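Read through the structure below, which is laid out as structure tokens, and then see the notes.
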Amino acid sequence: HGECIPFPIREVSMDQVLELKNIHYTYHTLDGETPALTDISFSLNKGEFVAIVGPSGCGKSTLLSLIAGLITPEKGLIKINGKYLRESTTNEVQHMLSAKTKARAHELLEIYGLKNFENSHPSELSGGMRQRAALIRTLVLEPDILLLDEPFSALDYQTRLNVGDDIGQIIRQEEKAALLVTHDLSEAVSLADRVIILSGRPASIRQTIPLIFDLKQDTPLNRRNSPEFKNYFNLIWKELNSDE
């Protein structure tokens, strides 16, 4: 935000799955107009995990709704796999229960430790298990992009840490592109390849910060114990509060 911040360059795949260019959105109500997003542009590559943070009510969830095709931008374009969102079938509700998807579900349940609970009701699972099960249901459909809107907010702190570690690693192992909206800066720094910082409403991009950790095993829990973690946290905190 008005200051050049030097970071190492991370080599990322140029296999772009999502592009947003000059997105504007305004809420129209009987009381008038409320601008929500102003000139938002960024892209997401295959296998990349990006977190979006910003002040409360700045429009983070609105951004995910636009990408999901639930609402339409007033200006700008959104592309998924090079196709305009209105031309893409990625976001359609899919009825894909088949022998193949059943086999894939069984495989994922076994890989991620839920094999013994495949016939259990949600009420019989812990909060962490329910989150993993929800992610497995999504992965079975072979999505290109995972949109995560405060996915761990209902969990207690210890479960949140463990589930964040599990799900972060699952997403990387499956090489999915993921976009996480969160108010928890620690969560963003522990999970993401990049953090996009939004301004207050109407939201624009204040800064994009690549996250580079010198770790033999780059996992969310290991990041939290690394010396870089505090530096990134403080940098993002300072940027979020620079107007106060």
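Around residue 42, with a cut-off of 14 angstrom between Cβ atoms, what is the net charge of the other residues, counting Lys and Arg +1 and Asp and Glu -1? List each step's numbers first, then the result.
Numbers: positive: 21, 60, 79, 194, 206; negative: 19, 39, 48, 193.
Once all neighbours under 14 Å are counted, the net charge is +1.
For the pairs 60/216; 79/230; 79/176, flag any whose C-alpha to C-alpha distance is greater than 25 Å.
On the way: 60/216 33 Å; 79/230 35 Å; 79/176 17 Å.
From 60/216; 79/230; 79/176, over 25 Å: 60/216; 79/230.
Under the rule a/c < 1.5 gives rounded, and otherwise a/b versus b/c splits prolate from oblate, where does segment 154-207 land using the Cα gyration tensor? Write down the numbers at each step before the final one.
Numbers: a/c = 2.77, a/b = 1.49, b/c = 1.86.
Oblate is the answer for segment 154-207, as a/c is 1.5 or above yet b/c matches or exceeds a/b.
For residue 71, enumerate residues with amide H under 5 Å from its amide H, sequence gap 5+ or separate chain, H modeled in the peptide plane.
Close amide H contacts, sequence-distant or interchain: 66.
When a/c reaches 1.5 or more, the comparison of a/b and b/c decides; with that in mind, is segment 47-89 rounded, prolate or oblate per its Cα gyration tensor?
Working: a/c = 2.55, a/b = 1.42, b/c = 1.80.
Note, shape of segment 47-89 comes out oblate.
None of the figures in this text is laboratory data; all of them are computed from the coordinates on show. All figures in this text were calculated on a predicted structure; none of them were measured in a lab. Because the Cβ atoms are built from the backbone with ideal geometry, glycine has one as well, and the counts that use them run over all protein chains shown.
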